[in-house]
Amino acid sequence: MKLTFILFTLIVAVFLFSAAGAEEMQGVTYTITPSGETDEYKILLNTENIGVGGLCIKLPGDFSITDTNAAEGTYKSEGTTLIVALTGEKELYFIIVSPDMKIGDLSISWEDLAKGTAGGEKNQLKDADELSQVSGSTTDGNSVKQSPSLFCGIFVIFLLIIAALKSRNSKEGEF
Amino acid sequence: MLFSCKQKMLVLLLSAAILIVCPVWAGAEDNSDKLPLDTSHDQIVSPDELAPEILSYLTEKYLNGNSNIQPTTDLSDATYIYTNWEGKPKTITDSTGQTITLFRPLKNVVVMNSEMLETLRSLNFSADKVAGVGKYTLQDSCFFPEYSTKANVGSIWSPDYEKIIELEPDAVLMYATFMQDSGDEIQKKIQDMNPSIKFIRFDLYYPSTYIEEAETLAAAIDKEEKGEQLVSFYENNLELINSVTENIQKDNRTKVYFESWDDYKSAANGSGYNEKINLAGGVSIFEDATPEYPIVNPEEILIKNPDVVVKLTGSGKLAFGGYEDSDAVKADEVYQTIKDRAGWNNLDAVKENSVYILSNDIFGGPEYIIGTLYLAKWFYPEEFENIDPAEVHQRYISQFQQLDFNVKKDGVFVSP
């Protein structure tokens, strides 16, 4: 449990650090959070850095969409894949039901057709029992300026401090 | 012959059908005046019209596994229009007064004159979007190296109509008022052959209109930010000159004899050269002559006794110097020949060593600002003592023309 917490903290930190590392970036930030219902997750996408374009999310297992704020006709899903057309949306969510969400690869790709830029990343979900949230940011590392980079950097330091404290406290036998 | 009621009805129905079908057919032919993906025909590309096409592209790429697929031209153009033009057609007015409406971004143009091409380069318009250039541009490979392999479309005096049509340009860019009749004829002939080809016309060498024309051109190619930088460069240098010259009364202004590459051909009111002399705070001793480029009587020069003499090189019999030629010997020869003209040893300009050779490369086109700075310095050496026109020239070449060219080491632009 303790080790899982530290590892998870570091995983999140690495994701965010990769977002904060380059001064100018463009891409999608996302979180996938269990909703509390069985096999139900909320995918929250921040797409404000993309003007006109699209994104593709491949989840570890088949899923069905039960709710979304995306307009009808702007998204499509098939098997493990969700594609979404973007025309300036800032934030989108999809509530999905996916019994096979627990283990496997998760990838996200995006394209900005106006700027001719694209990016993406692949993550592996390993220990879903301990996982409360998957968080990430995909980038091409060279496009538009991303304002949250400073925030991300501070957040990384914050998380690392917590991780260090937890580790230290563990040694002192408080866990 | 009488028609039955049924036959009359049939004829009426057929006529109505023809009337309905014909406009639809004509409209379908005229693709140039429609926005891409504007399925509602309201002259706006909306998110509702973009999204299905994007989704179709994403489906092919991510669901059907065609990873090499590229967005269609319609999707690319519609995306561009939605992002940069608020989804609407772009309208500009050129220097002939004609209004041009663009329904797609300019991606394939023919540029007939080098002043236009030089300004396009200042505005960072990609050479990849230029399909053909004028023959004089092709002869100037030192200044326009990236265009040396482009198609030759001739000149305003002798255009290659077939080549222009063959290139299927979105637009032809050429002079507005210079050789206007020829320009109008070229536009008419080309548009008679292919009405979808737009014509965008600017002179881009008159100081009085250059800045406004450059701004409009920048807007046409969506390079407003670069346009602001270019305009700022011109305005700063013009202000520099004006700060010294604007308070000088006409009677106190430097008297200038200006001569083109043809002997005794000067500049009068209405010419671009005269405008630049005035800008620099001088007054042409033949400004009231006619026509705009008068052939003057040599005796008159002696009588009017100019303070400064400026001889232009770079074309005609004096086609040397400028960017193409680093040998200063010919310019020095012209300088000496001018000073040795009969009776000229009595001219104030000769006695005061105020005879100069100036290359048209920095005076005739968009670089007039460089030549005008030289004139101002020659006319008022004390007031412009700390101004280095060569430095301004280098900034223009490096910052706007993006050429690897050292104006102090290479080329011959002024003498002595």
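The numbers here are math on the coordinates, done by the rules we state, and not lab data. Because the structure is a prediction, the values reported are computed rather than measured. Quick reminder, even Gly has a Cβ in these numbers, built from the backbone with ideal geometry, and neighbours come from all protein chains shown.
In what order do B:MET179, B:MET193, B:MET174 fall by count of nearby beta-carbon atoms within 10 Å, going from fewest to most? Mind dumping the intermediate values first?
Working: B:MET179 16, B:MET193 12, B:MET174 29.
Final ranking by Cβ density, sparse to dense: B:MET193, B:MET179, B:MET174.
Could you tell me how many degrees, from 0 to 90 and to the nearest 10, lie between the Cα long axis of helix B:180-193 and the main elongation axis, the longest principal axis, of the Cα atoms of chain B?
For B:180-193 against chain B, the angle is about 20 degrees.
For peptide A:66-78, what's the mean number of Cβ atoms from other chains within 10 Å of each residue's Cβ?
Mean number of neighbouring Cβ atoms from other chains: 2.
Could you pull the Rg and Dmax for region B:228-297, using just the Cα atoms, both in Å?
13.7, 44
Averaged over all directions, how much area does the convex hull of the C-alpha atoms of region B:68-181 cover when projected, in nm²?
So the Cα hull casts an average projection of 8.6 nm².
Using the Cα centre of region B:148-290 as origin and beta-carbon charges of +1 (Lys, Arg) and -1 (Asp, Glu), tell me which of B:VAL153, B:VAL256, B:ASN237 is placed farthest towards the positive end of the dipole.
Sorting the options by dipole projection puts first B:VAL256.
Helix-only estimate, please: 222 nm mean residue ellipticity of chain B, summing -39500 (n - 2.57) across DSSP H runs of length 4 or more and dividing by its residues, to the nearest 500.
Values: 15 runs with 169 residues, N = 416.
Taken over chain B, the calculation gives -12500 deg cm²/dmol.
Quick one: plug the Kirkwood hydrodynamic radius of region B:146-298 (C-alpha pairs) into Stokes-Einstein at 10 °C, 1.306 mPa s, and report D in µm²/s.
Here the translational diffusion coefficient equals 87 µm²/s.
Of B:LYS135/B:LYS265; B:LYS34/B:LYS188; B:LYS255/B:LYS408; B:LYS163/B:LYS189, which ones are farther than 20 Å apart at the Cα? Please report the intermediate quantities before stating the final value.
On the way: B:LYS135/B:LYS265 26 Å; B:LYS34/B:LYS188 22 Å; B:LYS255/B:LYS408 28 Å; B:LYS163/B:LYS189 13 Å.
Over 20 Å Cα-Cα: B:LYS135/B:LYS265; B:LYS34/B:LYS188; B:LYS255/B:LYS408.
Any idea what the alpha-carbon Rg over 2.2 N^0.38 Å comes to for chain B?
Chain B yields a ratio of 1.26.
Have a look at the DSSP beta bridges in chain B and tell me what percent are antiparallel, nearest 5.
Details: 9 of 33 bridges.
Roughly 25 percent of the beta bridges in chain B run antiparallel, per DSSP.
Report the Cα centroid-to-centroid distance between region B:354-416 and region B:266-343 in angstrom, as an integer.
16
Sorted by average packing, counted as other Cβ atoms within 10 angstrom per residue and highest first, what order do B:311-321, B:109-119 take?
So the peptides B:311-321, B:109-119, ranked by packing, come out B:109-119, B:311-321.
Would you look at the GNM of chain B, springs on alpha carbons closer than 10 Å, and say which of B:SER208, B:SER67, B:SER148 moves the most?
Judging by the Gaussian network model, the answer is B:SER67.
Under 10 Å, Cα contacts only: if you run a Gaussian network model on chain B, which one of B:SER126, B:SER182, B:SER398 comes out with the highest mean-square fluctuation?
Of B:SER126, B:SER182, B:SER398, the most mobile in the Gaussian network model is B:SER126.
Compute from the Cα atoms of region B:261-308 the Rg and the Dmax, the latter being the longest Cα-Cα distance, and quote both in angstrom.
10.1, 27
In percent, how large is the relative contact order of chain B, given Cα pairs closer than 8 Å and 6 or more residues apart?
It rounds to 12 percent for chain B.
Non-local amide H neighbours of B:ALA319 (under 5 Å, H modeled in plane, Pro and chain starts lacking H): which ones?
Sorted by chain and number, the residues that satisfy this are B:GLY314.
For the residues B:SER260, B:SER232, B:SER158, what sequence is obtained by ranking on other C-beta atoms within 10 Å, fewest first?
Working: B:SER260 22, B:SER232 11, B:SER158 8.
Final ranking by Cβ density, sparse to dense: B:SER158, B:SER232, B:SER260.
Say we join alpha carbon atoms closer than 10 Å with springs in a Gaussian network model of chain B; which of B:ASN346, B:ASN242, B:ASN68 then has the biggest fluctuation?
In this elastic network of chain B, the residue with the biggest mean-square fluctuation among B:ASN346, B:ASN242, B:ASN68 is B:ASN68.
Taking 7 Å along the Cα-to-C-beta vector as the label spot, tell me the B:ILE248-B:SER158 distance in nanometres, rounded to one decimal.
Result for the modelled spin labels: 4.3 nm.
If a/c stays under 1.5 just call it rounded; otherwise compare a/b with b/c (prolate if a/b is bigger, oblate if not). Do that for region B:131-218, with a ≥ b ≥ c from the square roots of the Cα gyration tensor eigenvalues.
Oblate is the answer for region B:131-218, as a/c is 1.5 or above yet b/c matches or exceeds a/b.
Rank these for me by crowding, A:CYS56, B:CYS142, going from fewest to most other beta carbons within 10 Å.
B:CYS142, A:CYS56
Over the Cα atoms of region B:266-364, each weighted equally, I'd like the Debye log10 I(q)/I(0) at q = 0.17 Å⁻¹, rounded to two decimals.
-0.83
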